[in-house]
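A short write-up of the structure that comes next.
The values are calculated or read from the model by the stated rules, or taken from the named source; none is laboratory data. Please read these numbers as outputs of a predicted model, since none were measured by experiment. Because the Cβ atoms are built from the backbone with ideal geometry, glycine has one as well, and the counts that use them run over all protein chains shown. Note: accessible area is taken over every heavy atom of the protein model, side chains too, but ligands, DNA and RNA are not part of it. Shrake-Rupley method; radii C 1.70, N 1.55, O 1.52, S 1.80 Å.
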Amino acid sequence: MAGSSRLCVTNQKGGVGKTTVAINVAGALNRLGRDVLFVDLDPQGNATEGLGLLEAYDAEYPTLLDGFLEAGDVPIDDLIYAHAEMDVLASNIEMNAAEASLLQEVGGETRLASMLEEVDDDYDYVVVDCPPHLGMITDNALYAARNLVIPALAESTSKRSLELLFDYVSALERDHGIRIDTRALVVNRIENTNEAEAMLEWFGEALPDVPNYEVRKRVALQRAFAAGTSIFRTDERVDMCDIFLEIAETIDQHDTENEVPA
Ligand SMILES: Nc1ncnc2c1ncn2[C@@H]1O[C@H](COP(=O)(O)OP(=O)(O)OP(=O)(O)O)[C@@H](O)[C@H]1O
Ligand SMILES: [Mg+2]
């Protein structure tokens, strides 16, 4: 592929499965033979630590925040770590200062996009995991990626969180004259309850144009996270592998068909 496609995995609601979905979509793209750069923008560093890169999270200069604030001066290669399935632009404890620091910077929301330009030809996909809040960090992810993957729980509180997210994305599109496409809604951690059933129906009706995927509650996903990989390295036969492969294939097929010749 010429240049990389970028996916921003976000929902400002906490604990809905952003990190789990991001790692497993990245793992599925890797399983399809694609080169993937995983970007952990969450100051909590769950993905960075989960992928076995605690040393990156605790590293001193240069850190991801230095990359953001001195875009151009810190080579992005110095911030990228190797993992069996993907390369990782790791988060760092200093990212806790990012919201405040980036607010002071002109064009603070465009920093990730500038950094990624350096490695645009090195990867087929960039998958960005976001923190559980809206602000400058998530703006960077949305601005750079222009493609949105939304994990959401099958609970009625998701109605409000999706409404807030779509309003926020529309405002960002207006402010910057950009278009952000919602590529997938991943209903996550589904259990056999009446509420889940009703919400699955609601998602389909509320977002008829967005490909909608159902990921069930599975210990295998927690096991893979604990092992520092996607489920494709730990449990190839697990039923949820098929769902993540379907997400990756649909995204990849669309991007390949719409590829602009180099
Ligand atoms: N489909 C699933 N089946 C079982 N457990 C899951 C599933 N999805 C996520 N989990 C578990 O739920 C918890 C929250 O998931 P995760 O960390 O991916 O959410 P998050 O949205 O990234 O959280 P945060 O908002 O803190 O970044 C984790 O313990 C994770 O292992
Ligand atoms: Mg997370």
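Each peptide in 229-239, 20-30 was scored by the mean count of other Cβ atoms within 10 Å over its residues; highest first, the order is 20-30, 229-239.
Roughly speaking, to the nearest percent, how much of the stretch 5-254's 1.4 Å accessible area is carbon and sulfur?
Details: 4670 of 10710 Å².
That fraction is 44 percent.
Once you keep just the Cα pairs under 8 angstrom separated by 6 or more residues, what percentage relative contact order results for the stretch 5-254? Could the numbers behind the result be given before it?
Working: 458 pairs, mean separation 69.6, N = 250.
Relative contact order here is 28 percent.
Computed over the stretch 115-250, relative contact order equals 19 percent, with contacts defined as Cα pairs under 8 Å that lie 6+ residues apart. Sorting 134-147, 56-69, 83-96 by average packing, meaning the other beta carbons within 10 Å per residue, from highest down gives 134-147, 83-96, 56-69.
When you count the other C-beta atoms within 10 angstrom of each residue and take the mean per peptide, 219-226, 3-10 line up highest first as 3-10, 219-226. The residues of the chain expose on average 44 square angstrom of accessible surface per residue, using a 1.4 Å probe on protein heavy atoms. Computed over the Cα atoms of the chain, the ratio of the radius of gyration to the Kirkwood radius (Rg/Rh) comes to 0.94.
Which of the GluC sites (Glu not before Pro) found in the stretch 145-228 are loop residues per DSSP with 14 or fewer other Cβ atoms within 10 Å of their Cβ?
Glu191
Of the GluC sites (Glu not before Pro) in the stretch 104-135, which ones lie in a loop per DSSP and count no more than 16 other C-beta atoms within 10 Å? Can you show the working numbers first?
Working: sites: Glu105, Glu109, Glu117, Glu118; in loops: Glu105, Glu118.
When the GluC sites (Glu not before Pro) of the stretch 104-135 are filtered for loop state and at most 16 Cβ neighbours within 10 Å, Glu105, Glu118 remain.
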